């Protein structure tokens with residue numbers, strides 16, 4: 001999203017382009033940027049609808065090492081690609097008791113760990129409802145998991161268990177008593193495997209897709 005805003009700002013600096021037209025385009029882009037993909041099972045279709053998401057995932061992979069397909073599988077199973085996703089309320093009869101956690105956004109990052117992320121990566125413009133930040137967060141978290149627990153960045157299942165339980169919880173084996181979580185982790189792995197196979201068929205379409213990009217600088 002920040003790259004899109006930068007592109008629009010550059011357009012606004014061109015005298016022939018009306019500022020009103022740029023504002024109109026910005027409104028459209030902002031409203032569409034957070035629209036969940038229609039075909040979430042298909043990595044190629046997801047990136048067709050949101051080509052900027054490919055750029056964000058590719059950058060996160062370059063920075064932190066978590067494969068694109070694993071990042072996107074995390075987001076699919078954590079939030080179904082909804083930028084404002086939150087855990088459902090707990091209820092007692094008809095009385096709302098609040099949400100079970102502070103998780104929010106594409107990556108369902110909770111307040112404490114998001115605070116750690118912001119402290120390291122900077123708070124300016126960071127948002128859990130921004131896909132660029134969400135994917136960077138996932139890469140950042142998995143990088144720490146790899147360093148602390150020696151889990152391969154290609155081991156989607158174990159990375160997800162550590163992501164869900166926290167590294168301390170994973171080390172204690174807390175997930176072993178949670179069959180539903182283990183089932184979800186297996187699903188995340190299958191999704192990542194499917195996404196990876198699909199991406200091999202279409203990734204070239206999303207490389208060098210911006211007007212200012214050219215091979216080999218964006219390959």
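As a calculated quantity, the FRET efficiency between residue 168 and residue 120 at R0 = 22 Å, using C-beta atoms, amounts to about 0.75. Multiplying the residue separation of residue 41 and residue 80 by 0.36 nm and removing their Cα-Cα distance gives an extension gain of 13.0 nm. In plain terms, the chain from residue 48 to residue 187 could stretch by 47.7 nm, reckoned as 0.36 nm per residue minus the Cα-Cα distance. Kindly state, to the nearest 0.05, the FRET efficiency for residue 59 paired with residue 178, given R0 = 41 Å and r defined as their beta-carbon distance. About 0.80, to the nearest 0.05. Under the shape rule built on the C-alpha gyration tensor, where the axes satisfy a ≥ b ≥ c, region 34-206 is rounded, since a/c falls short of 1.5. For region 108-218, relative contact order (Cα pairs under 8 Å, six or more residues apart, normalised by length) works out to 14 percent.
Computed from the coordinates by the stated procedures, all read-outs in this text should not be read as laboratory data. This structure is a prediction, so every number in the text was calculated from the model and none was measured. All Cβ positions, glycine included, derive from the backbone under ideal geometry; neighbour counts span all protein chains shown.
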